[in-house]
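A short write-up of the structure that comes next.
What follows draws every value from the coordinates through simple rules; no lab data is involved. From a predicted model like this one, the values you see are computed outputs, not experimental measurements. Here the Cβ is made from the backbone with ideal geometry for all residues, glycine too, and neighbour counts use every protein chain on show.
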Amino acid sequence: MRLQLTSPSDNKIQRTIAITGSKSETNRSLLLQALFPNIKIENLSNSDDGEVMQKGLQKSTGVVDIHHAGTAMRFLTAYFASQEGKQVTLTGSNRMQERPIKILVEALQSLGADIQYEKEAGYPPLKITGKKLEKSKVSLPANISSQYISALLLIAPSLENGLELELIGKITSVPYIKMTLALLEQIGVPSSFEGNIIKVAPKATVKATTLVVESDWSSASYFYSIVALCEVGTEIQLSSYKQNSLQGDSVLADIYKDFGVETTFANNSIRLKKIGGAKSDHLEYDLSNAPDIAQTIAVTCLGLCIGCHLTGLHTLPIKETDRLAALQTELGKFGGNVDIDSESLTLTEQSQLNSNVSVDTYNDHRMAMAFGPLALKIGFVVNDAEVVSKSYPDFWSDLKALGFVVEEL
Ligand SMILES: O=C(O)C1=C[C@@H](OP(=O)(O)O)[C@@H](O)[C@H](O)C1
Ligand SMILES: C=C(OP(=O)(O)O)C(=O)O
């Protein structure tokens, strides 16, 4: 699906949008519910990633295909490896078969798991024969993806002796690890995270608990970008959000102050209001704790014709696409002058945006959604716009509700 995007006729938007549940909280909660069926979940994400996780958890044999969902791939690897009597081949999209999983597989194998590579060593698809995992201590590198760590922590309470992890190297995407531990705490599983050691206690049963999934903060980022690109006075209200979020991307409320966007928390919602301009024409952020908002911030800066230097982006090359390379190409089409290295991106301040651009999305929902707000500044075409369903299926209809003109070509 190719979409032509054009700015709303009124550049001073006033509107409320309900964003679906966080895919990260959803996929953790679903796994915990599979281990402890007395858990209930509210405000589940309606995303593809949530759906493939739900379907995957219902299977005991055969092929489980999780498409593009990194969390489902990593969390289900740990889940099936620890489930006696289940045997599956866990696979995903072509891109998923290029996303590394060796660190997690080796950690599980050292706990006693039976996992074999069906194609290339270190990558999905995996043939997993579930077993009772007898060991309870493992060391693993923590600088590639926090999802490997969360996957182990999620099954930890179901292991006979719980789990002790030793994390090697600089720990990346830390808030996602803390989210996992916070959800364990909500169902009454004690844990500790001190230095590079995480311990989780075993639990045969947990108390009946309802996990209420907060709406997705990464999805909220696109509305922060919209407000930043609109006139002073623009206001968008988003539900359902809370001030004490488990999601690290809630750092948006601080970061977008620099773009003149004020956040107010009230009645289970956030209100974003444009109150001024950007504080500088060159902004710098370390996003090692919030990698998923890098694309949003880069496009906001492009739209405002200001520069930025984003660091801590070492995980971007192994996400849905190589996001550093994809950003360089697509920002470049609008005239953005972008330098990248293995962990950072620098966009130079510019004077105007090129027209007649078609944005390619590389099977990456965030490439489509991050560029969406730019229509406020210049019309353009988005290719393969349906990719948004990975985390936020209603994205384009919500943009329409704000007055954006979204036409299928
Ligand atoms: O645990 C999670 O829910 C996630 C962790 C992050 O991945 P990395 O730890 O690989 O950076 C993030 O990018 C992803 O969208 C979701
Ligand atoms: C990196 C992402 O997802 P995942 O790793 O779960 O596929 C994302 O949603 O930006």
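Where nothing but the Cβ of Lys and Arg (+1) and of Asp and Glu (-1) is charged, how large is the charge dipole of the stretch 277-409 around its Cα centre, in debye to the nearest 20?
260 debye
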By counting other Cβ atoms within 10 Å of each Cβ, how are Phe334, Phe193, Phe371 ranked from fewest to most? Phe193, Phe334, Phe371
How large is ³J(HN,Hα) for each residue in the stretch 50-59, as worked out from phi by the Karplus curve 6.51 cos²θ - 1.76 cosθ + 1.60 (θ = phi - 60°), to whole Hz, x for Gly and Pro? x, 5, 5, 5, 4, 5, x, 5, 7, 8
Roughly how many debye, to the nearest 20, is the charge dipole of the stretch 23-212 about its Cα centre, given +1 on each Lys and Arg Cβ, -1 on each Asp and Glu Cβ, and no other charges? 100 debye
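If neighbour count is taken as other Cβ atoms inside 10 Å, put Trp396, Trp217 in order from fewest to most. Intermediate values should be presented prior to the final figure.
Working: Trp396 23, Trp217 26.
Taking fewest neighbouring Cβ atoms as first place, the list is Trp396, Trp217.
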Farthest toward the dipole's positive end in the stretch 23-212, which of Ile198, Leu181, Thr210, given Cβ charges of +1 (Lys, Arg) and -1 (Asp, Glu) about the Cα centre? Thr210
Which cysteines in the chain lack any other cysteine whose Cβ sits under 4.7 Å from their own Cβ? Cys230, Cys305
Any idea what the relative contact order of the stretch 23-212 is, in percent, if you count C-alpha pairs under 8 Å spaced at least 6 apart? 21 percent
Magnitude of the charge dipole, the chain, Cβ model with Lys/Arg +1 and Asp/Glu -1, debye to 20: 960 debye
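Cβ under 14 Å from Ile39's Cβ, Ile39 left aside: what net charge do those residues give with Lys, Arg +1 and Asp, Glu -1? Write down the numbers at each step before the final one.
Details: positive: Arg28, Lys40, Lys203, Lys207; negative: Glu25, Glu42, Glu185.
Net of charged neighbours comes to +1.
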Can you give me the C-alpha center-to-center distance between the stretch 324-358 and the stretch 207-241, rounded to a whole angstrom? 26 Å
Using just the C-alpha positions of the stretch 23-212 as equal point scatterers, what log10 of I(q)/I(0) does the Debye formula give at each q in 0.08 1/Å? -0.21
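Let me make sure I get this right: for the stretch 336-398, a, b and c are the square roots of the gyration tensor eigenvalues over alpha carbons, sorted descending. Under 1.5 in a/c it's rounded, otherwise prolate if a/b > b/c, else oblate. Which is it?
Because a/c hits 1.5 or more and a/b fails to exceed b/c, the stretch 336-398 counts as oblate.
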Positive end of the dipole of the chain, charges at C-beta (+1 Lys, Arg; -1 Asp, Glu), about the Cα centre: which of Leu409, Leu153, Leu126 has its Cα farthest in that direction? Leu153
Rounded if a/c is under 1.5, else prolate if a/b is larger than b/c, else oblate: which is the chain, with a ≥ b ≥ c the root eigenvalues of its Cα gyration tensor? prolate
Computed over the chain: relative contact order in percent, which uses C-alpha pairs under 8 Å that are six or more apart: 20 percent
The stretch 30-74 - percent relative contact order, Cα under 8 Å, separation 6 or more: 34 percent
Derived scalar couplings ³J(HN,Hα) [the stretch 133-142; Karplus, 6.51 cos²θ - 1.76 cosθ + 1.60; whole Hz; x for Gly, Pro]: 7, 8, 8, 9, 9, 7, 10, 8, x, 10
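Name the shape class, rounded, prolate or oblate, that the alpha-carbon gyration tensor gives for the stretch 290-402, where a ≥ b ≥ c are the square roots of its eigenvalues, rounded holds for a/c under 1.5, and otherwise prolate holds if a/b is larger than b/c and oblate otherwise. List each step's numbers first, then the result.
Numbers: a/c = 1.75, a/b = 1.14, b/c = 1.54.
Note, shape of the stretch 290-402 comes out oblate.
Where the convex hull is taken over the Cα atoms of the stretch 108-192, what is its projected area averaged over directions, in nm²? Spell out each step's value before the answer.
Values: hull surface 23.5 nm².
For the Cα atoms of the stretch 108-192, the hull's average projected area reads 5.9 nm².
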Among Thr16, Phe334, Thr321, whose Cα sits farthest toward the positive end of the charge dipole of the chain (+1 at Cβ of Lys/Arg, -1 at Cβ of Asp/Glu, about the Cα centre)? Thr16
